[in-house]
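The values are calculated or read from the model by the stated rules, or taken from the named source; none is laboratory data. Model, not experiment: these values are computed from the prediction. Cβ coordinates were reconstructed from backbone atoms using ideal geometry, including for glycine residues, and neighbour counts include every protein chain displayed. What goes into the accessible areas is simple: the full protein's heavy atoms, side chains included, and nothing from ligands, DNA or RNA. Shrake-Rupley method; radii C 1.70, N 1.55, O 1.52, S 1.80 Å.
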Amino acid sequence: MIELSLAQIARIVGGELADVSPAEAEATRVTGTVEFDSRAVTHGGLFLALPGAHSDGHDFAAGAVAAGAVAVLAARPVGVPAIVVPPVDAPADAGAGVLEHDVDGSGAAVLQALAKLAAAVAAELVAGGLVIVGVTGSSGKTSTKDLLAAVLAPLGEVVAPPGSFNNELGHPWTVLRATTETDYLILEMSARHPGNIAALARIATPSIAVVLNVGTAHLGEFGSREAIAATKAELPQSVPASGVVVLNADDAKVAAMAEQTAARVVRVGRSPGLDLWADGVVLDDLARARFTLHAGDDEIDVALAVHGDHQVSNALCAAAVALQCGARLDQVAAALAAAGPVSRNRMQVGTRADGVTVINDAYNANPDSMRAGLKALAWMARSGGDAGSGRRRSWAVLGEMAELGDDAIAEHDSIGRLAVRLDVSRLIVVGTGRSMSAMHHGAVMEGSWGSESTMVADPDAALELLRDELLPGDVVLVKASKSAGLAALADALAGETG
């Protein structure tokens with residue numbers, strides 16, 4: 001963050017000083033990072049007193065100051081130097097996905113103050129030349145964010161969120177990681193309700209926006225793909241006329257957003273004639289794509305280090321942004337070739353000493369990403385992979401896809417049937433609720449599997465089954481929404497020697 005005094009921050013957020021005199025507030029400057037976890041506080045930093053899943057950040061304020069924070073942004077006095085903001089009405093989904101439960105009016109006040117601080121810092125940095133890149137889509141945001149960071153790194157200093165920091169807390173927190181030395185700020189933008197992306201864009205307005213796809217993630221919250229598309233379109237609508245919007249034209253609903261922005265549009269996809277397009281796509285034994293990238297009259301061969309055919313679209317979007325920022329085509333190809341998986345539990349592929357390959361994609365899941373993961377699993381099994389030539393046994397360990405609303409049963413049934421059609425050797429359905437019963441039933445009804453589809457009660461039972469029955473050379477996909485808790489299973493499985 002740029003250096004600011006406590007008095008300046010108080011004026012920006014509309015807060016009152018507590019346990020610090022006006023003179024001290026003018027003299028004391030925040031020189032470190034802004035943190036909501038007291039264990040991450042740095043010397044000269046600012047601590048955010050926010051509610052968590054099991055505790056209240058206000059209770060840790062004194063410890064944060066003792067650890068080096070110069071002050072606390074809080075909703076009430078905490079006995080140490082603080083900027084106190086008054087409670088406000090809490091939005092229904094404030095903090096969802098990071099705080100793990102809805103915040104109250106005090107928590108909402110701190111989040112609003114954080115947003116105001118981030119907006120002020122972003123405005124000053126943009127005036128100094130910072131380029132903000134926003135990315136949204138129903139799936140692939142985090143993978144694309146990581147690819148964007150890789151292709152922009154040769155051009156200057158890049159700040160990007162770790163993991164999926166993409167909501168009312170993670171978004172401004174990421175903005176405040178930028179400094180006067182930062183050239184590119186990448187922001188991943190998610191939504192639970194209409195208006196969420198527009199609100200995030202007001203905090204830090206992108207000059208370049210990327211829209212990946214419109215799928216069925218959070219369908220239960222939005223009600224229809226049309227409503228999801230309208231919400232995703234809030235990002236290109238926020239870009240000024242001087243900016244650029246990169247659209248994945250392979251998705252019709254995304255392509256239609258070209259009519260909803262004043263900015264210049266760059267279309268990417270797999271069709272000749274687009275601004276940036278790919279052809280000759282082939283996958284290697286671990287489902288890493290190779291293709292020819294076309295940009296106008298120029299072309300270059302690209303070999304991705306990330307896994308899955310779906311990564312081609314993500315790479316095209318990242319390449320388009322880099323080219324708009326002045327990168328050469330050969331720089332882009334080299335950066336993509338070196339950009340392996342970065343964020344944990346997202347298409348992380350590793351092979352154990354016994355030849356078992358584990359695909360850890362357990363961070364999140366929706367019908368589109370689940371289909372992509374299953375196709376990657378099937379490809380690796382057919383291709384022989386590191387275990388040598390010939391077909392390998394494939395295992396799909398799948399948990400619930402959350403927030404699908406009335407479509408949950410049909411979507412889970414469809415995924416079970418797809419596993420059969422892709423000839424997955426074994427399906428382990430983790431959980432016994434209605435959705436998981438539908439997935440198991442769909443698999444059984446699609447083919448003559450019998451015992452090939454197994455329902456287990458929890459991740460521990462799935463791990464025990466795998467330990468008993470995995471053979472050297474098998475390929476295992478672990479995928480579910482975060483709430484299903486399969487990440488620990490995937491980590492345990494990947495760490496074993498067999």
Q: Using all C-alpha to C-alpha distances in segment 403-498, build P(r) with 10 Å bins and read off the rounded percent in each one.
A: 15, 48, 32, 4, 0
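Based on the alpha-carbon gyration tensor of segment 168-289, what equivalent-ellipsoid semi-axes (square roots of 5 times the eigenvalues) come out, in whole Å, largest first? Please report the intermediate quantities before stating the final value.
On the way: eigenvalues 120, 76, 56 Å².
Equivalent ellipsoid semi-axes, largest first: 24, 19, 17 Å.
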**Q.** Whole-percent pair-distance distribution, where bins are 5 Å wide, for the alpha carbons of segment 344-425
**A.** 3, 14, 26, 23, 17, 10, 5, 2, 1
Q: Collect residues whose amide H, placed 1.01 Å from N in the peptide plane, falls under 5 Å from the amide H of Val266; neighbours closer than 5 in sequence don't count.
A: Val245, Val246, Leu247
(Q) Please report Rg (one decimal) and Dmax (integer) in Å for the Cα set of the chain. (A) 23.6, 78
**Q.** Among Leu316, Pro459, Pro22 - extreme Cα towards positive end, dipole of the chain, charges at beta-carbon
**A.** Leu316
(Q) What is the sum of charges, Lys and Arg at +1 and Asp and Glu at -1, for the other residues whose Cβ falls under 15 Å from the Cβ of Gln237? (A) +2
Q.
I need the Debye-formula profile for segment 292-331: one equal scatterer per C-alpha, no solvent, reported as log10 I(q)/I(0) at q = 0.15, 0.19, 0.33, 0.34 1/Å, two decimals.
A. -0.34, -0.55, -1.31, -1.33
Q: Quick one: pull the percent of accessible area on segment 160-270 belonging to carbon and sulfur, 1.4 Å probe, ligands and nucleic acids left out.
A: 50
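Under unit Cβ charges (Lys, Arg +1; Asp, Glu -1), what dipole magnitude, rounded to 20 debye, does segment 423-498 have relative to its Cα centre?
Values: 5 positive and 11 negative charges, 66 e Å.
So the dipole magnitude of segment 423-498 works out to roughly 320 debye.
Pop out the Kirkwood hydrodynamic radius of segment 99-205 from its pairwise C-alpha distances, inverse of mean 1/r, in Å to one decimal. Numbers along the way, then the final one.
Numbers: mean 1/r = 0.0711 Å⁻¹.
Final number for the Kirkwood radius of segment 99-205 is 14.1 Å.
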Q | Whole-angstrom gap from segment 299-331 to segment 103-132, using each part's C-alpha centre | A | 31
Q.
Rounded to two decimal places and with Rh computed the Kirkwood way over Cα pairs, what is Rg over Rh for segment 396-450?
A. 0.94
Q) Under the rule of -39500 (n - 2.57) per DSSP H run of 4 or more residues, summed and divided by the residues of the chain, what mean residue ellipticity at 222 nm is obtained, to the nearest 500 deg cm²/dmol? A) -10500 deg cm²/dmol
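Viscosity 1.002 mPa s, temperature 20 °C: give me the Stokes-Einstein translational D for segment 217-316 in µm²/s, with Rh taken as the Kirkwood radius over C-alpha pairs. Numbers along the way, then the final one.
Details: Rh = 14.9 Å.
Estimated diffusion coefficient is 144 µm²/s.
Quote the charge dipole size of the chain about the Cα centre in Debye, to the nearest 20; the model charges only the Cβ of Lys and Arg (+1) and of Asp and Glu (-1).
That gives the chain a dipole magnitude of about 600 debye.
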Q) Percentage of Cα-Cα pair distances in segment 145-192 greater than 13 Å, rounded to whole percent? A) 51
Q | DSSP-defined beta bridges in the chain - what % are antiparallel, rounded to 5 | A | 30
**Q.** About the Cα centre, charge dipole magnitude for segment 212-338 (Lys/Arg +1, Asp/Glu -1 at Cβ), debye
**A.** 280
Q: May I ask you to give the percent of accessible area on segment 1-89 that is carbon plus sulfur, with a probe radius of 1.4 Å?
A: 54
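So how many Å³ per residue does the convex hull of the Cα atoms of segment 452-498 work out to? Display every interim value, and only then the final one.
On the way: hull volume 3.9 nm³, N = 47.
Dividing the Cα hull volume of segment 452-498 by its residues yields 83 Å³.
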Q: Work through the residues other than Tyr184 whose Cβ is under 15 Å from its Cβ and net out their charges, Lys, Arg +1 and Asp, Glu -1.
A: -3
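Can you tell me the alpha carbon radius of gyration of segment 263-350 divided by the globular rule-of-thumb value 2.2 N^0.38 Å?
Details: Rg = 12.7 Å, N = 88, 2.2 N^0.38 = 12.1 Å.
Relative to the rule-of-thumb radius for its length, segment 263-350 sits at 1.06.
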Q) Where only protein heavy atoms count, and the probe is 1.4 Å, what is the accessible area per residue for the chain in Å²? A) 38
